[in-house]
Amino acid sequence: MQPYEILFTVFLTTTIILLLVAGVVITLFITGRQRVGLDVKMSQMQVDYQRELRSVQNEVQEQVLSNVGRELHDNIGQLLTVMHVQMEQKKMMQPETEAALNPLHEILTHVIKEVRYLGRSLNSELLEQTGLLKTLDLEVTRLQHIPSLNVTWIHDETEPKLSRDQRLMIFRIFQEIVNNSLKHSEASNMRISFTGKDSLSLSVEDDGIGFNSTEMLQSAAGSGLKNIMKRAVLANLSCEIVAEIGKGCIFTLKNVD
């Protein structure tokens, strides 16, 4: 075999080997990209599934709460009103009973107001009719009737531009924050501030016993906090928790840019 034939054979063999190697590399690269793309799609499908599941759960929960709210307003509220009227008639027909009935009258009047406030806060239809700011204002009014709690309410009188789901989620998060504070914080003062002009900002601050937010979120007892964080994510909101044992806590909800 001539030298040039040997060189040609070596060149041809090397070229074939390089092409084969290149083909294997390209195949592995394409397969890897496809696998990554499939993993991304699967992850996105899982996120979408969880979001949809959470959305359905929230719809069912809201329907139940709305039904309870209407029952409180339409049925329980009416029964309490009838009792109130009957008590007034009793006092008119038998004036000597007025002194004995007056304390009961005051309690019944207070219960009627509380049932009305509670019915409104449970009924999401009110949120659609009046907007987030007005609904928060009604909820704060209910809190201000609690004798042991001093509530400061600051807002800019501006209704933020939000979707229906965001308004509903923000209001439910607010209720959960407040209820957790009432149950566990032992606070004497609560400061609620709201801004809706440029972007949403809702802050709830109390002077209670506080807690370690990191430890609480990792423990089984932190289900309420975890629920707040999950709802915030679903509503495309950021939720910042600043808390320290013995120094109260601050929850701040904001729009995610």
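The values are calculated or read from the model by the stated rules, or taken from the named source; none is laboratory data. Remember, it's a predicted structure, so these values are computed and weren't measured experimentally. Glycine also receives a Cβ, built like all others from the backbone with ideal geometry; neighbour counts cover every protein chain displayed.
Checking each residue of the range 131-146 against the condition of being assigned to a helix (DSSP H, G or I), among the basic types (K, R) and modelled with pLDDT under 70 gives no match. Tell me yes or no: at least one residue of the range 183-194 is surrounded by 13 or more Cβ atoms within 10 Å (Cβ to Cβ), at pLDDT below 85 and part of a loop (DSSP other than H, G, I, E, B). No, the range 183-194 contains no residue that is surrounded by 13 or more Cβ atoms within 10 Å (Cβ to Cβ), at pLDDT below 85 and part of a loop (DSSP other than H, G, I, E, B).
Does I173 qualify as being in contact (Cβ under 8 Å) with a residue 40 or more places away in the chain, farther than 14 Å from C249 by Cα, out of contact with any Gly (no Cβ under 7 Å at 6 or more places or on another chain) and of a type outside the set (S, T, N, Q)?
Judged against the criteria, I173 is a match.
Residue count for the range 115-130, restricted to those that are surrounded by 14 or more Cβ atoms within 10 Å (Cβ to Cβ) and at pLDDT below 75: 11. Checking S223 against (1) polar (S, T, N, Q); (2) free of Cβ contacts under 8 Å to residues at least 24 places away in the same chain; (3) not in a helix (DSSP H, G or I), which test does it fail? Result: S223 fails condition (3) only.
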